[in-house]
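The values are calculated or read from the model by the stated rules, or taken from the named source; none is laboratory data. Just so it is clear, the model here is predicted, and its values are computed rather than measured. FYI the Cβ positions are ideal-geometry reconstructions off the backbone, even for glycines, and counts take in every protein chain you see.
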Amino acid sequence: MTTLSIQPLFAANAAVYAIQNATIEGKITVLALLVLSLFSWTIIITKFRQLLIARKATKKFFAAYTSTRDPLDIQRKGEEFDGAPAYQLYIRGADELAYQLKNNPVPVQSVPKYSGTEGGEHTNTDYLAKSTTVKVSTASFEAVKVILEEAAGAEAMGLEKGMIVLSTAVAGGPFIGLLGTVWGVMSTFAGIAESKAATLTAMAPGVAAALVATVTGLLVAIPAMFAYNFMVTTIRAITQELDGFASRYANQIEHVYVDHRPLAEEIRNANEVLAGRIVGALKSRETPALVEP
């Protein structure tokens with residue numbers, strides 16, 4: 001018990017002794033490392049919380065998304081999953097799809113359905129795609145895909161934001177500490193040469209003060225290294241999951257809301273719609289003439 005209590009006290013006293021005997025350059029080096037450590041721990045705590053929320057919210061979002069076949073169902077219900085990168089991608093794609101459906105619609109009056117005898121009894125199961133009467137063109141769908149790609153890139157950049165601080169702490173912390181140590185040792189030997197007293201008592205304070213910079217650099221770099229490796233692995237997994245969801249989401253949008261009818265059928269339906277509008281306009285003009293004063 002006595003040994004365990006003395007060792008931390010001795011280490012603390014040694015650090016205090018070294019800092020007290022450090023040169024101005026050494027103290028500036030230690031101060032710079034402490035500032036870097038402050039930024040590093042801020043990023044570690046903030047990013048760990050962000051990734052934890054992202055994993056939990058994404059899990060809930062995927063459960064809700066899997067439970068429905070309509071790509072716009074979650075948006076219509078008004079459900080929100082704050083903190084989930086996949087939800088942010090979903091909502092941007094859903095907003096763009098809703099905009100295209102409203103401003104560039106492709107009416108589909110008759111959707112061909114299988115009779116159930118061709119291709120087996122499971123061919124007539126996708127009622128959602130066959131019952132959708134307003135769709136978008138392939139050009140509009142390309143606009144939706146561009147939005148999905150931009151959203152995926154933005155969410156990936158958001159997850160990686162701040163990681164440069166950890167990588168700097170990992171790579172630069174030991175070198176900054178080494179610079180302080182070399183500078184301190186150089187100053188110590190220069191002072192010994194001037195005083196012409198090359199004794200251990202004269203060298204010890206300067207060398208101890210110089211080594212504290214290296215110790216501080218390692219204390220900054222080691223926690224940042226473990227946190228960086230863990231967070232990079234987690235971010236890579238979330239990004240791959242996000243890319244997979246973007247492809248799946250685009251595929252479902254294309255299946256349900258994109259018009260893939262042959263050109264001849266589109267022209268025929270367009271002519272039918274145009275003829276209906278012309279007939280309606282003619283009837284509206286004839287109606288006042290049929291009413292006697």
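Restricting the first member to segment 40-68 and to residues that are hydroxyl-bearing (Ser, Thr, Tyr) and assigned to a loop (DSSP other than H, G, I, E, B), and the second to residues that are loosely packed, with under 13 Cβ neighbours inside 10 Å and modelled with pLDDT under 95, the beta-carbon pairs closer than 9 Å and six or more apart or on different chains are Thr68/Lys77.
Across segment 227-237, the number of residues qualifying as touching a helix residue (DSSP H, G or I) at 6+ places or on another chain (Cβ under 6 Å) and under 16 Å from Pro85 (Cα atoms) comes to 3.
This table checks each residue for (1) over 30 Å from Arg55 (Cα atoms); (2) modelled with pLDDT under 80; (3) of a type in the set (A, V, I, L, M, F, W, C).
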| site | (1), (2), (3) |
| --- | --- |
| Val170 | no, no, yes |
| Thr181 | yes, no, no |
| Ala202 | yes, yes, yes |
| Val215 | yes, no, yes |
| Val220 | no, no, yes |
| Leu242 | no, no, yes |
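Across segment 129-168, the qualifying residues are those that are part of a helix (DSSP H, G or I) and polar (S, T, N, Q), and the one among them that is farthest from Arg69 (Cα to Cα) is Thr168.
Summed over segment 69-94, the residues that are of a type in the set (D, E, K, R), assigned to a helix (DSSP H, G or I) and surrounded by 13 or more Cβ atoms within 10 Å (Cβ to Cβ) give a count of 2.
Here is a check on your reading of the model: is Thr233 over 30 Å from Lys135 (Cα atoms), surrounded by 15 or more Cβ atoms within 10 Å (Cβ to Cβ) and of a type in the set (Val, Ile, Thr)? Taking the combined requirement at face value, the residue does not satisfy it.
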